[in-house]
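Here, each number is a calculation from the coordinates, and none is a lab measurement. Since the structure is predicted, the reported quantities are computational estimates derived from the model, not experimental observations. With ideal geometry, Cβ positions are generated from the backbone for all residues, glycine too; neighbour counts draw on all protein chains shown.
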Amino acid sequence: MAFKERVFSGMQPTGSLHLGNYLGAMVQWIEMQKTHECIYCVVDLHAITVWQDPKELKNAIRQVTAAYIASGLDPKKSIVFNQSQVAAHAELAWVFNCVARLGWLNRMTQFKEKAGKDRENASVGLYAYPNLMAADILAYQATHVPVGEDQKQHLELARDIAQKFNNDFREQIVEAGYEDGILFPQPEPVITGPATRVMSLRDGTKKMSKSEPSDMSRINLMDDTDVIADKIKRAKTDMESAPPSNLDELKARPEIDNLVGIYAALAGTSKEAGLQMLIDTSKEGPSIFTGFKKALTEVAVEKLGPIRAEIVRLMGDPAEIDRILADGSARARAIATPIMNQVKDVVGFVRS
Ligand code: AQP
């Protein structure tokens, strides 16, 4: 069966969204909304795989929703909702817990990074996170998933799960009316944002992340002008006395490469043009990066300032945000429930 193109993606309400979330995923979400049926979720079930203060979680769910809308998602066009309100996510995740193999999950690098040395103390949910992510996507038979590069491995797992489910239950899937025996499509990762991997401002080898303890490592969508300027001013560079003269040299200097990449993505220009800007401003002093950092601050404030102002405005009316989420949940349920019912039939459950 040829599946209708449908987009699904989500972000965790584990803190304020940052530039990595915005450039790595959100920019692509907004683009895809113009051409596709899109479902954008605030993945609160994923958030609780690590401890979340319940009072802060509620606020974070509303703030991430506000950030989606402030960044340009249209909740009338796209479906915007929070994951916990559509039961199909958790139901399908359980089925997938029984389809996915332990060996597959053991290979997931994100679990290793997040669990760190204290693996025995990590929640079972954190380990099974990729199965829930597969369920998020496949509960809607979604075909395209715009994400940052860090999610590539999880997407591959979702494809493996879809394939194994289709193989395991082929006979029943055909009986359910899917002539080719395919109930779940192979979801395609869409990793094409302007900066698919934004790195920490403090360490060019680590990705920018909400859960990194140092706030100086990231630019949050909620940061004001002074905070953005301060973070960029203090962003780690290196001790070299000259700027890189070409893209190969730039690549070998991860912190500079990251800043040039961020500049290019925000200014809507190429990395080459960003590097040229760094070269042209390097004589301004006192450091070779002073002029470049000033330009980077300007473009960051210009781009993020209006988004921040709109998040603040939307957060002034939490009841309106809740209405948007309720409307989105109802529309999401209308798609996911019939698919979930087919899954239940195919697996052999008696529905009552
Ligand atoms: N640094 C990044 N560069 C590019 N894309 C990124 N994404 C996250 N960080 C970067 C993309 O943002 C989307 C939502 O991510 P998430 O909130 O589900 O969780 P995450 O990937 O684990 O992001 P964080 O910020 O690191 O959250 P915590 O710290 O809570 O785990 C995804 O598409 C992701 O690729």
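Build a GNM of the chain with springs between Cα atoms under 10 Å apart, and of 215, 160, 317 the one that fluctuates most is 317. Who wins for biggest fluctuation among 258, 220, 59 in a Gaussian network model of the chain, springs between alpha carbons below 10 Å? Result for the chain, Cα springs under 10 Å: 59 fluctuates most.
To the nearest ten degrees, helix 88-97 and the longest principal axis of the Cα atoms of the chain are 80 degrees apart.
Against the main long axis of the alpha-carbon atoms of the chain, helix 290-315 sits at an angle near 40°. Annotation: the antiparallel percentage among DSSP beta bridges lying fully within the chain is about 10. Secondary-structure-derived ellipticity at 222 nm for the chain, considering helices only, amounts to -16500 deg cm²/dmol, per-run term -39500 (n - 2.57) for DSSP H runs with n ≥ 4.
Between the helical axis of 54-71 and the longest alpha-carbon principal axis of the chain there is an angle of about 70 degrees. With springs only between Cα atoms under 10 Å, which of 55, 206, 283 fluctuates most in a Gaussian network model of the chain? In this elastic network of the chain, the residue with the biggest mean-square fluctuation among 55, 206, 283 is 55.
Can you tell me how segment 220-270 classifies by the Cα gyration tensor, rounded, prolate or oblate, using a/c under 1.5 as the rounded cut?
oblate
Report the number of Lys pairs in segment 215-312 whose alpha-carbons are under 13 Å apart, with separation of 8 or more residues or on distinct chains.
The result is 7.
Can you classify segment 1-56 as rounded, prolate or oblate using the Cα gyration tensor, where a ≥ b ≥ c are the square roots of its eigenvalues, rounded means a/c under 1.5, and otherwise it's prolate if a/b beats b/c and oblate if not? Cα axes put segment 1-56 in the oblate bin.
In the chain, inverting the average of 1/r over every pair of distinct C-alpha atoms gives 21.5 Å as the Kirkwood radius. Between the alpha-carbon centres of segment 65-93 and segment 299-349 there is a gap of 2 Å. For the chain, the dipole from Cβ point charges (+1 on Lys and Arg, -1 on Asp and Glu) about the Cα centre works out to 340 debye, to the nearest 20. What separates the Cα centres of segment 236-294 and segment 128-184 is a distance of 41 Å.
Assuming R0 = 35 Å, what is the FRET efficiency of residue 326 and residue 251, from their Cβ-Cβ distance, to the nearest 0.05? Spell out each step's value before the answer.
Details: r = 47 Å, r/R0 = 1.35.
Computed FRET efficiency for residue 326 and residue 251 comes out at 0.15.
Measuring gaps between exposed loop sites in the chain (chymotrypsin sites (Phe, Trp or Tyr not before Pro); DSSP loop; at most 15 other Cβ atoms within 10 Å), the longest gap, sites not included, is 52-348.
In segment 215-312, the ratio of gyration radius to Kirkwood radius, Rg to Rh, stands at 0.97 when only Cα atoms are counted. FRET efficiency for the residue 225 to residue 284 pair, using the beta carbon distance and R₀ = 22 Å, is estimated at 0.60. For segment 41-184, the spread of Cα coordinates along the three principal axes comes to 46, 44, 27 Å, biggest extent given first. Taking the charge dipole of segment 221-352 about its Cα centre, with +1 at Lys and Arg Cβ atoms and -1 at Asp and Glu Cβ atoms, the residue from 269, 346, 324 reaching farthest to the positive side is 346.
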